[in-house]
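Asker: This is the structure, below, for whatever I ask next.
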Amino acid sequence: MSKPLSFQEIILRLQDYWIDKGCVLMQPYSSEVGAGTFNPASFLKVLDDKPWRCVYVEPAKRPRDARYAENPLRVYQHWQMQVILKPAPEDSQELYLGSLRALGIPLERHDLRFTEDDWESPTLGAWGLGWQVELDGIEITQFTYFQQVGGLDLPMVPLELTYGIGRIAMFLQRVDSFFSIKWGDMGGETLTWGDVFLQNEKDFSAYSFEEADTDYLRRSFDHYEAECTRLVKKGLLMPAYDAVVKCSHFFNLLDARGAISVTERTATILRVRKLAMAVAKLYVEGPDTDSDPEGEVKDA
Amino acid sequence: MPDTRTFLLEIGTEEIPASYLEPAVSWLAEELKKKLDAIGYPGNPYGGVKRMWTPRRLTLIVEDIPLMTLRKSYLTQGPPAKVAKDADGNWTKAAKKFAERHGVDESALSIEENEKGRYVFAKIISKEEKTYDFLADTIPSLIFKIPFPKRMRWLKYKTVTFARPISWLCCLFGDEVVKFQFPELTPSNKTFGHRFAHPEAITINYPDECIQKLKDASVIVDPAERRKQIVAELSKAAKKLGGKLVEHEELIYEVTNLVEFPRVLACDLGGFTDRGFANLPREVLQTALAKHQHAFVVEKKGKLLPHFLVVTNAPKLEPKLAKPWFERMAISRLEDADFFIKEDLKKGLEKLVDEEARVEWVKGIGTLLDKTRWLTDLGVSLGSKMDAFNKDVYERAAHLAKADLLTNLVREKEFTSLQGIAGAIYTERSGEKPEVSNAIGQQYTDSPTSNESAILAISDRLLNIAATFIVGKPPKGSSDPFALRRQAAAIMKIIVDRELPLNLSTALDQTLQLIGKGEEKRGAIYDFLTDRLRLFLTDQDFAYDWVDAVLAVAGDEPYDSYLRLSAFRELDKGEEFRLVAVGQKRVANITRNTHNTRNTRNTPLPDDSLFDQNEEKELWEKANRIRPDLDSALDARDYRKALELLLSIRPAIDKFFDEVFVMVEEEKVRTNRLHLLAKVRDEFLKVADFSRIVVEG
């Protein structure tokens, strides 16, 4: 039997596969996000009616999932590989299965299923229909035909694939835990996921559950919320979107700290969604040149 | 015999959710049948209809459809008459357009009346046509209209939506492909087998070949056959493990719709006992495996074995490769559950009760803590009327009943169904009385085993119903998002099963009083409850007219209504009851304007000195004679006896009507006779309003 693929080889194989299928290689976003969908290469690029195909790896940071590195499958930060194919191709499922074959998985000898899972991101005002792809009971990919993003009906239906590459690595390397995954070789020495991230997990768990300053987070949320609204009015798209992403992360931290009651939770999610929708509208329609809310635009 | 062919339609799709499949194919079959009926074949127009499906295909076979449709004329409805004709009686533009749309001229138009009003109709004479053409015209629109809980777009056309993308269309009428128009797809005689075991296209020459050819390609398209195979394989695997399968009907239905070719894989929870899962409650284990892996469990002598069974969709599965992952994922879920339970026990439910104050129950009504308090007060008050009711047990159970909603376990998506059960487990482990745990665990069921459980289950639902009505979200038509109808039905069932002396109006008044609002909705809620009681009773196979008759006089206490109806059924004297009904209808008609049935206490006594016919005297004597026994039978709720007594005076009533003319000129006599009849009627009304029993012929 051939040597199992390392984590970095999995990334490279999948990237190569999708580049070969006409995708451009993007890079992770520069701010904390809970999912690859928050990257503007997904969130904004799916909104218009121009074709778009991209692939990138995104570190997904979810404070609530932090487990002090004690749970083999739940971590503060896991890795997603995100693929956007817009418009969704006719043979979407076969294309996807091709990527698993490219990793050397003999699909017919395993149990591979497309299990109903209608993806939804309330904070992004986004939803789609599709599946969780389960390989021998392991969820390895979220497979979604987006229908709405930022509260807008999408003029061209995109396919979003979100691979849980950590789980795929566990499967291929036959290891029991994210931390045992072989990341790659460094000068002949094997480096594992745990070597790089175990301490980070402990630290971020302590931060998410014990140390994060909730007063500061609340104030920051309010600040960036106001900032986003102001920037949307000015037509400054990306700075406004950065503020949405920040709000979302502050919310996730507050949630992990247990600082948000059930009622407040729904209300806060709605606040983020409102911002995401405003930015989506700005992207699609361009700046609102007719209105002159602050009296700063004067006729020459 | 006309020349016939068999029709096949297979809509090949990407995986459609399990719960969508059967309703979709059933709808398709019904609609196609309606269309076939509408084009009018004489007698038995076509043969059997086979409805089949897998996650990747919706398949319909209709046998023996004649090759030609019949020529026939029919009327089709257009706009209302007032829009179709102007003041001068001429056809309007709207009417002309309607005619044009149906390809007829004005002479084919007429105004007709139906139950909705007057409309313009067009007389259309259909041509005899090839069934092939009819099918080619009809099928596409049927496909687009199949109802699904959620639909999606995937093509550039905004209007084309379906449950999931359509991959292929296989459509045959006999050996001929039905080439209908469809966006971006051309119907053919090609289908596809199992995705991995047989990915190549398969040619279907005749519809009849379809089932076998698919089977050869590792697809069992008939769900009944798939199900049979699954059950057999599961039972065999369970036996091999030395136990027996724990039946789970819903799960079997679901997995049948998740696979094209089932193959059961037996897995082990290795290290099950080492890791302390033996302490994991059975319900938690079962739910975790069912929800997450769609897996079945195996028991031996009432104890779960450390194994589980997965129904895979992999005909060429290599068990050695697949097993470890199913097991690892299962164990990881159980570890999660174990973690949640330990955390929850550390915290304890009592602390969570305080936290209920921070959780909204129903917006505008109150917090979860409010609900807990109302639940306690309402139940104590309802229970106080019962002999076997332990107030302390109830209070403790109600106090802790809702706290499990805030536990880590129940807040996890796949364990939400354990609400109540989780509470029972936690209270049991923290040393509450078994009766308390029992009540908490049964609060969401409709078959509680103690009065405390029953009152908790009823009070909870009463509060839900009242609150939902108050915030203006009662069930409407087919929409009942909060399942209030099911909750009301459960209330009735529990009351009757447990023989509870509960009074709907008192219970409702107390509920509204506790919530402190909603007085204006009382009428609507009360009507809703009695309506549900009526349905509950007819569901117990009591004839609806008997139910009407009983509810007219005794609708407030469900168990009492039930007892009365049971007496009717026990006596089983349908004919006799009908005869009584005939008499009582006459009485009701004759006394309608003079003697109120609602306030029988005010019915005046007849004056026996005014009786001048034997039949009058006899009837009055008989009525007087049975009254004491009747009343004591009613006190003892011996409705059988009461009915027998009433039946015994039926001949006297019939005789009265045969011989005595009531509406005589002389007012005194007439009034006296009416008093007499009303008094007799009142005796019957003590049990039921017999005049509501339907008399046929």
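Asker: Compare each residue of the stretch B:1-38 in its chain alone against the assembly with all protein chains, and report those whose accessible area goes down by 50 Å² or more; 1.4 Å probe, heavy atoms.
Answerer: B:Glu14, B:Glu15
Asker: Of B:Met152, B:Leu676, B:Gln443, which is farthest towards the positive pole of the protein assembly as shown's charge dipole, taken about the Cα centre with +1 and -1 on the beta-carbons of Lys, Arg and Asp, Glu respectively?
Answerer: B:Met152
Asker: Find, to one decimal place in angstroms, the Kirkwood hydrodynamic radius of chain B, where the mean of 1/r is taken over every pair of different Cα atoms and then inverted.
Answerer: 31.6 Å
Asker: If you don't mind, another one. Give or take rounding to whole Å, what are the principal axis extents of the alpha carbon atoms in the stretch B:563-692, in descending order?
Answerer: 44, 27, 26 Å, listed from the longest principal axis down.
Asker: Charges at C-beta only: +1 for Lys and Arg, -1 for Asp and Glu. How large is the resulting dipole of the stretch B:223-347 about its Cα centre, in Debye rounded to 20?
Answerer: Roughly 420 debye for the stretch B:223-347.
Asker: I'd like the projected area of the stretch B:223-347, averaged over all directions, using the convex hull of its alpha carbons. Report it in nm² with one decimal.
Answerer: On the way: hull surface 31.0 nm².
Value for the stretch B:223-347: 7.7 nm².
Asker: Would you calculate a helix-derived [θ] at 222 nm for chain B, using -39,500 (n - 2.57) for each DSSP H run of n ≥ 4 and dividing by the full residue count, to the nearest 500?
Answerer: Values: 26 runs with 347 residues, N = 697.
About -16000 deg cm²/dmol.
Asker: Could you sort B:506-512, B:639-645 so that the peptide with the highest average Cβ count within 10 Å comes first and the rest follow in order? Intermediate values should be presented prior to the final figure.
Answerer: Values: B:506-512: 18.6, B:639-645: 20.6.
Averaged packing, sorted descending, gives the order B:639-645, B:506-512.
Asker: Would you be so kind as to identify which of B:Leu241, A:Ile138, B:Trp374 lies farthest towards the positive end of the dipole of the protein assembly as shown, taking Lys and Arg as +1 and Asp and Glu as -1 on Cβ and the Cα centre as origin?
Answerer: A:Ile138
Asker: Then there is this: Once you list every other residue whose beta carbon is under 12 Å from the beta carbon of B:Ala122, what net charge do they have if Lys and Arg are +1 and Asp and Glu are -1?
Answerer: Local net charge: 0.
Asker: What are the DSSP H helices in chain A that stretch 27 Å or more along their long axis, judged by alpha-carbon atoms, and whose average Kyte-Doolittle hydropathy comes to at least 0.0?
Answerer: Length and hydropathy pass: A:237-256, A:262-285.
Asker: Another question, if that's okay. Please report the spacing between the Cα centers of the stretch A:232-247 and the stretch B:103-120 in Å, no decimals.
Answerer: The distance from the Cα centre of the stretch A:232-247 to that of the stretch B:103-120 comes to 60 Å.
Asker: Please work out the average accessible area per residue across the protein assembly as shown, using the 1.4 Å probe convention, and give it in Å².
Answerer: Numbers: 45490 Å² over 997 residues.
About 46 Å² of surface per residue is accessible.
Asker: Now for a different question. Over the residues of the stretch A:39-114, compute the C-alpha Rg and express it relative to 2.2 N^0.38 Å.
Answerer: In units of the 2.2 N^0.38 Å rule of thumb, it is 1.41.
Asker: Taking the stretch B:386-422, which chymotrypsin sites (Phe, Trp or Tyr not before Pro) meet the DSSP loop condition and have no more than 10 other C-beta atoms within 10 Å?
Answerer: Here no loop site has a sparse enough neighbourhood.
Asker: Could you please state how large a percent of the accessible area of the stretch B:73-125 is carbon and sulfur, counting protein chains only and using a 1.4 Å probe? Present the calculation step by step, with values, prior to reporting the outcome.
Answerer: Values: 1640 of 3620 Å².
Carbon and sulfur together cover 45 percent of it.
Asker: Mind checking A:102-113 for the average number of partner chain beta-carbons within 10 Å of each residue's beta-carbon?
Answerer: Taking all residues of A:102-113 together, the mean is 6.
Asker: May I ask you to derive the FRET efficiency for A:Ser2 and B:Arg485 from their Cβ-Cβ distance with R0 = 60 Å, giving the value to the nearest 0.05?
Answerer: Using R0 = 60 Å, I get an efficiency of 0.50.
Asker: Could you list log10 I(q)/I(0) for the stretch B:353-539 at q = 0.17 Å⁻¹, which the Debye formula gives when each Cα is one point scatterer?
Answerer: -1.13
Asker: If you roll a 1.4 angstrom probe over the protein chains with everything in place, what fraction of the accessible area of the stretch B:353-539 belongs to carbon and sulfur, to the nearest %? Present the calculation step by step, with values, prior to reporting the outcome.
Answerer: Values: 3740 of 7810 Å².
Answer for the stretch B:353-539 is 48 percent, counting heavy atoms of protein chains only.
Asker: Let me confirm one metric for peptide B:142-152, namely the mean number of other chain beta-carbon atoms within 10 Å of its residues' beta-carbons.
Answerer: Mean shielding count: 2.
Asker: For chain A, with only Lys/Arg (+1) and Asp/Glu (-1) charged at the beta-carbon, what is the dipole magnitude about the Cα centre, in debye rounded to 20?
Answerer: 240 debye
Asker: Within chain A, what percent of beta bridges assigned by DSSP are antiparallel, to the nearest 5?
Answerer: 95 percent
Asker: In nm, to one decimal, how far is the modelled label at B:Lys433 from the one at B:Arg569, with both set 7 Å along Cα→Cβ?
Answerer: So the two model labels end up 3.5 nm from each other.
Asker: How many partner chain Cβ atoms sit within 10 Å of a residue's Cβ in peptide B:439-446, on average, as a whole number?
Answerer: Mean shielding by partner chains, rounded to a whole number: 0.
Asker: Per the 1.4 Å probe, what fraction of the accessible area of the stretch B:223-347, in percent, lies on carbon and sulfur atoms?
Answerer: 54 percent
Asker: Oh, and also: Helix hunt in chain B: which complete DSSP H runs extend at least 18 Å axially by C-alpha with mean Kyte-Doolittle at least 0.5?
Answerer: Qualifying helices: B:131-145, B:451-470, B:484-497.
Asker: Projecting each Cα onto the charge dipole of chain A (Lys/Arg +1, Asp/Glu -1 at the beta carbon, about the Cα centre), which of A:Ser121, A:Gly258, A:Cys247 comes out farthest on the positive side?
Answerer: Checked the options; the winner is A:Gly258.
Asker: With charges set only on the Cβ (+1 for Lys and Arg, -1 for Asp and Glu), what does the dipole of the stretch B:17-150 come to about its Cα centre, in debye to the nearest 20?
Answerer: My answer is approximately 420 debye.
Asker: With just the Cα atoms defining each centre, how far is the stretch B:139-208 from the stretch B:637-697? Give it in Å.
Answerer: Here the answer is 68 Å between Cα centres.
Asker: Can I ask one more? So which residue, out of A:Ala267, A:Ala35, A:Ala278, gets the largest mean-square fluctuation from a GNM of chain A using Cα contacts under 10 Å as springs?
Answerer: Between A:Ala267, A:Ala35, A:Ala278, it is A:Ala267 that shows the largest mean-square fluctuation.
Asker: Just to be sure I understand: if you take the accessible area of chain B alone plus chain A alone and subtract the pair, with a 1.4 Å probe, what total do you get in Å², rounded to 100?
Answerer: The B and A chains share an interface burying roughly 3900 Å².
Asker: I've got another one for you. What translational diffusion coefficient, in µm²/s and rounded to a whole number, does the Stokes-Einstein relation yield for chain A at 4 °C and a viscosity of 1.567 mPa s, taking the hydrodynamic radius as the Kirkwood radius over Cα pairs?
Answerer: 63 µm²/s
Asker: Separate question: Give the Kirkwood hydrodynamic radius (Å, one decimal) of the protein assembly as shown, defined as one over the mean of 1/r across all pairs of different Cα atoms.
Answerer: Working: mean 1/r = 0.0292 Å⁻¹.
For the protein assembly as shown, the Kirkwood estimate is 34.3 Å.
Asker: Highest first, please rank the peptides A:125-137, B:153-165 by the mean number of other Cβ atoms sitting within 10 Å of their residues.
Answerer: Details: A:125-137: 23.4, B:153-165: 17.6.
By packing density, highest mean first, the sequence is A:125-137, B:153-165.
Asker: What FRET efficiency would be calculated for the residue pair B:Val49, A:Gln148, taking the C-beta separation as r and a Förster radius of 45 Å, to the nearest 0.05?
Answerer: The formula returns an efficiency of 0.75 here.
Asker: Over all directions, the average projected area of the alpha-carbon convex hull for the stretch B:73-125 comes to how many nm²?
Answerer: 3.3 nm²
The values are calculated or read from the model by the stated rules, or taken from the named source; none is laboratory data. Bear in mind the structure is a predicted one, so any value in this text is a computation, not a measurement. Every residue, glycine among them, receives a Cβ derived from its backbone with ideal geometry; neighbour counts consider all protein chains shown. These accessible areas exclude ligands, DNA and RNA; they are computed on the full protein's heavy atoms, side chains included. Shrake-Rupley method; radii C 1.70, N 1.55, O 1.52, S 1.80 Å.
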